[in-house]
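Below is one structure, written out as structure tokens, with a few remarks after it.
The values are calculated or read from the model by the stated rules, or taken from the named source; none is laboratory data. Since the model is a prediction, treat every value here as computed from it, not as a measurement. For the accessible areas, the whole protein counts, side chains as well, though only heavy atoms, and no ligand, DNA or RNA atoms are used. Shrake-Rupley method; radii C 1.70, N 1.55, O 1.52, S 1.80 Å.
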Amino acid sequence: MRCRHSDFWVGLSPEAWLNGMDVATLWLESWLQLSGNKQPYLQQGLHAAFRL
């Protein structure tokens, strides 16, 4: 019987998550400048995301 090895991943690596968070944070900060009325909700979401 042959042993089978796979490089199949379910989900993203931690580095990909961190890079994605950095990009999303920069995008949200620039979006906050355009829509100031949503700022409290976006700040609340960022605070929750960074507590993870």
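The lone criterion from (1) modelled with pLDDT under 80; (2) assigned to a helix (DSSP H, G or I) left unmet by Val10 is number (2). Of the residues that sit in region 30-52 and are open to solvent by less than 50 Å² (accessible area, probe 1.4 Å) and part of a helix (DSSP H, G or I), which one is nearest to Leu18 (Cα to Cα)? Here the answer is Ala49.
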